[in-house]
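**Student:** The structure that follows is given in the form of structure tokens.
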Amino acid sequence: MVPVRLQLRNFLSYGDNPPQEIDLQGVHMAALVGNNGAGKSALLDAITWALFGKARSNRNEQLLRQGSNEMSVTFEFEVEGQLYRVRRRFSRKHKPHEVSLEQWDGKRWRPIVTESKVRANEEEIQRLLGMDYDTFVNTVFMPQGRSGEFMNLDPSERRDLLAQLLGLEAYEKLAQKARERAKVLSGQISESEKHLKDIESELSQRPQIVAEFEKKQQERDHAEQILRQMDEEIARVQRARENLLAVKAKLEQLKSEKQTVQKQIETDQKDLSELEVQLQKWQKVLAQEAQIIEAWKKFQQVQQVEQALSEKARQLRELEQQKHRLEQAIMKVKAELKVKLEANKRDADNIEQRLADLKKVIARRNEVERQLEELLKAREALREWEEKQEQWKNLQQERAVLEQMIASEKAEWAQKEGQLSQEQKQLETIIGAKPRIEQELRQLGEVRKRFSELQSQLNSARKKREQLSGQLAMLNTRLEQLQKSKKETEEKLRLLEEHSGEPKCPLCETVLTPQKVASLKRRLGNELKQRDEEISETEQEIKVREEELKRVDEFILQAEKALQKLPEIEQRFGEVNRRLAEVVEAERKLEALKVELELLKQQKSEAEKRWQKQRSELDERERAIGYDPDAHKQCQRKVETLLRFEAELEQIRQAEEELSRQRERLGRLKIEIAELDRKLAADDFAHDERSQLDQVNESIRRLGYDSEKHQEIKAWLQKNQHIPQCWQQLQTAKEQAPKIQAWIEQLKQRIREGERQLSEIEAQEKHLQAQLTQLPEIEERLNELLGRRKARENELQRLNEEVGALRYKLEELSRKEQEKVQLEERLAQMREEKIDYETLADAFGRNGIPKMILRHAVPWLENEASNLLARLTGGRMRLRFALELQTQSGSQKEDLKIFVSDELGERPYELYSGGEKFRIDFAVRVALARLLAHRAGAPLRTLVIDEGFGSQDKEGLEAIVDAIQTVSKEFARVLIVTHLDELRDYFPALIEVTKGSNGSQCRLIMRDQKEAFDLQA
């Protein structure tokens, strides 16, 4: 991480008029200079607050510039060639805390985290930097007063912090996960073993269940056979019953047919009587045929005359209606003229009355103009009061905002006090458990010591076993070689014996003399004897080694069995250590909490004084305005009262205009009234309607309609209106009489056929009733059989249920057997997996891989810090880091202790103070920074030192500057905070910080690199 640009607004001593900005592009090494309290360290606090939300004060309210409600810091930095920007804002009023992280893509800033949550952005920033706030301030960033923070940690915490810097906490997380997984597997194994015992217990009941199953199957087969016999008997009885029921149904059908035939005969007889009556009626009509025809002809002639008269009457009605409409139209025109005449007369009267009223309104003009002058004066006074009211309202709004802010801050303080008090109680509760935890930790330490000794013995035994196994392997190999050599020698002797008479050697084909043959046999015999002795000695030595290996295996088995409890002890020890660390952390937090409570009370007291001052200022401003609400209202009422005279003046102007218009209209109305009187007197209107009325009267006269004759003909037709009915009955009688005669003959024939069918049905009924006498007996037998069958069926169902339940049990046992096999396989797998995870927990644990890495890193760190310290002290002092030291109890505890050697010998770091202690702290902190810069994947290339050098003499200052310039080659940006004039000339760039009425301000001063080095010389 390389700082590029920093902008502050209302942060600590920095204001916002204007916001302060520093551009560090092109700066390799710079000094922040300025008087004490000017705000140099605040710039570095702004960087840590922007990145991590933390500074020397962890409360945002304490970082906010006094009198401000909002602060923000924008910080641009570079990581691995990429430019990033983080912006952090805090507000009292609105959304309290906002953070955003962006990356420059060459054209614009692009958000990296789309969420607006603070936690998500801070996690991404820590991932990008590869460290959190505590790591940052303990390595690369040295804030004021904390240069020795790493050194001031106790040895165990110092070792843990170094492990954290090296990224070893990842191994601890892996170890914890492995332990958790092993613990989970242990629980699963226990549960599985319990489940396996339950399954084996259930499987032991299989023989009894099989015997019961076979017994119930036999009982079920017997019950099924009895049920089949009963079903055959029931089927036979049901067939007989069904036959009789068929007979019964046939009988019911015959009864139904009998009723149908009887009803049909009755219906036919009734229809026959009605048809005979109708036939007699039509025969009477046919007897009067001649009289009906004569009367019908006369009726038709009279009817034609009546139709002609009806047409004339219709025409007369139309003419009368037309005449009436014309008379009405003439009367309407006359009425309209009269109405118009009356309306004009009324309008003329109204206009004369209106003229009189208008003259009265116009007469008030002088009085109204005088009142309007009073209105202008009242309005001017009202405007002045409204200006004062606006000022007074603005002041009241300021007062409301102030009171709201006071209430909000009071509520916030009350909440904070409550939270801090609650937190204090919780911390005191945690601290109260410290004696018990320390006692438990001592007890666990003794147990761990015994297990550690046993582990050492086990390791030695395992090494010895490996040695014995190697020796046995070598001895067995040697035995095989000796036995092979023995066989080869025996083979050579055998070949010599087989070819004893031949002149050539059977092995090498050389010519042999008898002396050579004898010599060769002696040599091979001696060699064979020697091999036998060596084989005997080797076998004896193998036996001794095997017995010794057996004893070692027995010890290893016992030790491993005893050490199975060690993970549980270690886990318990780790938990107790963690709880003790929590107690220590609680003690530290409690002290900080008390300080914070006291600081909160002081701030509350200062705020109350500030509030009282602000309220007094508002009261003074309110008196200066001089606003009187009663006088303001009185002025408003006066203006409202006088406003009516403006409307009255407008009415007067309108009345003058209307007076002229009304006089003109009155003249026109008098002329129109005289013309209307003339037309009404001479009937000079509706000329077209009067001409049409004369034509209608002439048409009525020519029509010649006789209404009396028409009435006489209508009366005759009314009197003889039965003649058309008689004529229609005659026509119907001619048509219906032959048809009715034929229907009567058909009905008589159908009645005779029905009586014959009725006799046949009655004979069949008697025969079927005789067969139905056996039905009650058969139904009784069937009911008895069905009852017995139901009982047998219930018994069979019970047996089936019992057989099904037993079959299900047997199937369940089969599944249990399969489950047992699978469970045993899974148990074996889980046991192996548990052993693997326990091995991983040991490997990733504190004494595994992390310990090995620390053993390599600590010498490097010791060498770097020691060399730098030697340069700072002219070779007078050096450092030694001790990673493991023997404790009083004899066990080794992994701590990181630091010893310093000088001309007086070697002493612990804690015994040094003053300037020497500062140089030691500085050397170690720079070495840590260099270590972090060389770490694989650590994207940090900046060194920031905010620490007073006042404890150093001139020679010490020159040594420190020389060391800074030396290590600066490994960093892209080096920033040093100092107020010493002697140091400012050593740096090519200065960031000068000054403090004025508007707060702190800063500016970058770039100096010639050569000039800076010349000043050093």
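**Student:** Give the residue, chosen from 252, 276, 311, that is assigned to a helix (DSSP H, G or I), among the acidic types (Asp, Glu), in contact (Cβ under 8 Å) with a residue 24 or more places away in the chain and open to solvent by less than 100 Å² (accessible area, probe 1.4 Å). Break it down stepwise before answering.
**Tutor:** On the way: 252 fails: in contact (Cβ under 8 Å) with a residue 24 or more places away in the chain; 311 fails: in contact (Cβ under 8 Å) with a residue 24 or more places away in the chain.
One residue alone meets the criteria, 276.
**Student:** Looking at 25, 7 in this structure, which one is in contact (Cβ under 8 Å) with a residue 12 or more places away in the chain, open to solvent by 50 Å² or more (accessible area, probe 1.4 Å) and either in a loop (DSSP other than H, G, I, E, B) or under 25 Å from residue 966 (Cα atoms) (or both)? Can you show your working first?
**Tutor:** Working: 7 fails: either in a loop (DSSP other than H, G, I, E, B) or under 25 Å from residue 966 (Cα atoms) (or both).
After ruling out the rest, the residue left standing is 25.
**Student:** So which residues in region 666-689 are open to solvent by 50 Å² or more (accessible area, probe 1.4 Å), touching a residue at least 24 places away in the same chain (Cβ under 8 Å) and closer than 14 Å to residue 343 by Cα?
**Tutor:** 670, 672, 677
**Student:** Please go through region 625-642 and pick out each residue that is open to solvent by less than 100 Å² (accessible area, probe 1.4 Å), of a type outside the set (S, T, N, Q), at pLDDT 80 or above and in a helix (DSSP H, G or I).
**Tutor:** 625, 629, 631, 632, 635, 639
**Student:** Can you tell me which residues in region 97-134 are of a type outside the set (A, V, I, L, M), at pLDDT 85 or above and in a strand (DSSP E or B)?
**Tutor:** Within region 97-134, 98, 100, 102, 103, 104, 109, 110, 111 qualify.
**Student:** Give me the pairs: first residue in region 756-779 and farther than 15 Å from residue 260 by Cβ, second residue in a helix (DSSP H, G or I) and of a type in the set (Lys, Arg), beta-carbon distance under 7 Å, and six or more apart or on different chains, which are they?
**Tutor:** If the second residue must be in a helix (DSSP H, G or I) and of a type in the set (Lys, Arg), the pairs left are 768/250; 772/248; 775/248; 778/241; 779/241.
**Student:** Filter region 71-85 for residues that are farther than 15 Å from residue 20 by Cα and in a strand (DSSP E or B) and give the result. Reasoning before the result, please.
**Tutor:** At the first step, the residues of region 71-85 found to be farther than 15 Å from residue 20 by Cα are 77-85.
Correct list: 77, 78, 79, 82, 83, 84, 85.
**Student:** Please count how many residues of region 1-41 are over 24 Å from residue 120 (Cβ atoms) and in contact with a helix residue (DSSP H, G or I) (Cβ under 9 Å, 6 or more places away or on another chain).
**Tutor:** Here the count works out to 12.
**Student:** I'd like the full set of residues that are small (Gly, Ala, Ser), under 49 Å from the mean Cα position of the chain (by Cα) and at pLDDT below 80, limited to region 906-942. Write out each step before concluding.
**Tutor:** Keep residues of region 906-942 that are small (Gly, Ala, Ser), which gives 913-915, 923, 927, 929, 933, 936-938.
Filter once more, so that each one left must be under 49 Å from the mean Cα position of the chain (by Cα): 927, 929, 933, 936-938.
Correct list: 929, 933, 936, 937, 938.
**Student:** Just to check your reading of the model, which residue among 664, 672, 656, 650 is acidic (Asp, Glu) and modelled with pLDDT under 80? First the steps, then the outcome.
**Tutor:** On the way: 664 fails: modelled with pLDDT under 80; 672 fails: modelled with pLDDT under 80; 650 fails: modelled with pLDDT under 80.
From the options 664, 672, 656, 650, the qualifying one is 656.
Residue-wise test of (1) in a helix (DSSP H, G or I); (2) surrounded by 14 or more Cβ atoms within 10 Å (Cβ to Cβ); (3) out of contact with any Lys or Arg (no Cβ under 9 Å at 6 or more places or on another chain).
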| position | (1), (2), (3) |
| --- | --- |
| 181 | yes, yes, no |
| 187 | yes, no, yes |
| 192 | yes, yes, no |
| 200 | yes, no, no |
| 214 | yes, no, yes |
| 222 | yes, no, yes |
| 230 | yes, yes, no |
| 235 | yes, no, yes |
| 244 | yes, yes, yes |
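**Student:** List every residue pair whose Cβ atoms sit under 7 Å apart, with the two residues 6 or more apart in sequence or on different chains, where the first one lies in region 881-904 and is within 20 Å of residue 157 (Cβ to Cβ) and the second, anywhere, is modelled with pLDDT of 75 or more and small (Gly, Ala, Ser).
**Tutor:** Sorted first by the residue in region 881-904, then by its partner, the pairs are 891/452; 895/156; 897/882; 899/882.
**Student:** If you don't mind, there's one more thing I want to ask. Scan region 844-871 residue by residue and report those that are open to solvent by 50 Å² or more (accessible area, probe 1.4 Å), in contact (Cβ under 8 Å) with a residue 60 or more places away in the chain and assigned to a helix (DSSP H, G or I).
**Tutor:** Passing the criteria: 849, 853, 860, 871.
Yes/no matrix, rows are residues, columns are (1) modelled with pLDDT of 80 or more; (2) open to solvent by 50 Å² or more (accessible area, probe 1.4 Å); (3) of a type in the set (S, T, N, Q):
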{"position": "318", "(1), (2), (3)": "yes, yes, no"}
{"position": "326", "(1), (2), (3)": "yes, no, no"}
{"position": "332", "(1), (2), (3)": "yes, yes, no"}
{"position": "357", "(1), (2), (3)": "yes, yes, no"}
{"position": "365", "(1), (2), (3)": "no, yes, no"}
{"position": "370", "(1), (2), (3)": "yes, yes, no"}
{"position": "373", "(1), (2), (3)": "yes, yes, no"}
{"position": "377", "(1), (2), (3)": "yes, yes, no"}
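The values are calculated or read from the model by the stated rules, or taken from the named source; none is laboratory data. Predicted model, so just to flag it, every value in this text is computed and none were measured. Note: ideal-geometry Cβ built from the backbone for every residue, glycine included; neighbour counts use all protein chains shown. Areas reflect the complete protein model, heavy atoms only, side chains present, ligands, DNA and RNA absent. Shrake-Rupley method; radii C 1.70, N 1.55, O 1.52, S 1.80 Å.
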